[in-house]
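A.B. asks: I'd like to ask some things about the structure below.
The values are calculated or read from the model by the stated rules, or taken from the named source; none is laboratory data. Quick caveat, the model's predicted, so the values are computed rather than measured. Using ideal geometry, Cβ is built from the backbone for each residue, glycine included, and neighbour counts are taken over all protein chains shown. Surface accessibility is based on the protein's heavy atoms, side chains included, excluding ligands, DNA and RNA. Shrake-Rupley method; radii C 1.70, N 1.55, O 1.52, S 1.80 Å.
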Amino acid sequence: MPESRRSDRLIVATLIVAVAAFGVAIWALMRSPSSDGAGSVTTEQSAEAKQRVCTAFGTVRSAVSLQTNANLGKDKVATQAVAANARLATLGGGQYLLSQLDNAVPGELSDAVTSFAHNLQDIGMGQLAGAPAEDPAQATRLEEAQASATRIGELCA
């Protein structure tokens, strides 16, 4: 095979590989989150996400308050049942709030809800471990949760 023919085939093969690489690069750019719209959030999506999280926060706050303050009497079993439901509401509420967060939730609200949810989970684990509300670490968690809840209330107003 003459040298010039081999050169021509090599040039054609190189061009084909270059065009294929260019096509793959364009495809990759089109699929990236920053250019396909997945990373951008509309004002409407943000408002819907805020409403969803604020509604979830209200539900969790009500559940924790209701279960923590329930009074079934002084019977030992009733007291333990109230405590168990309070722990469930606290732990479950924290997890439920975290499950409501996504990139459409405004940053400041997301940060406050994340803090509150983690505090709830820490409080619930403290309760399960037998820490009374007067325990310094538990008291700090309760104060931090209240501060986060107050901030969420302001952001959701």
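A.B. asks: What is the number of the single condition among (1) surrounded by 11 or more Cβ atoms within 10 Å (Cβ to Cβ); (2) closer than 28 Å to P132 by Cβ; (3) modelled with pLDDT under 95; (4) touching a helix residue (DSSP H, G or I) at 6+ places or on another chain (Cβ under 8 Å) that N71 does not meet?
C.D. replies: (1)
A.B. asks: Search the range 116-152 for residues being small (G, A, S) and free of Cβ contacts under 8 Å to residues at least 12 places away in the same chain, and hand back the single one that is surrounded by the fewest Cβ atoms within 10 Å (Cβ to Cβ).
C.D. replies: Per the criteria, the residue is G130.
A.B. asks: Between A78, A83, A112, which is at pLDDT 95 or above, of a type outside the set (D, E, K, R) and open to solvent by less than 70 Å² (accessible area, probe 1.4 Å)?
C.D. replies: When all the criteria are applied, what remains is A112.
A.B. asks: If I go through the range 46-97 residue by residue, how many of them are hydroxyl-bearing (S, T, Y) and under 17 Å from the mean Cα position of the chain (by Cα)?
C.D. replies: Selection size over the range 46-97: 5.
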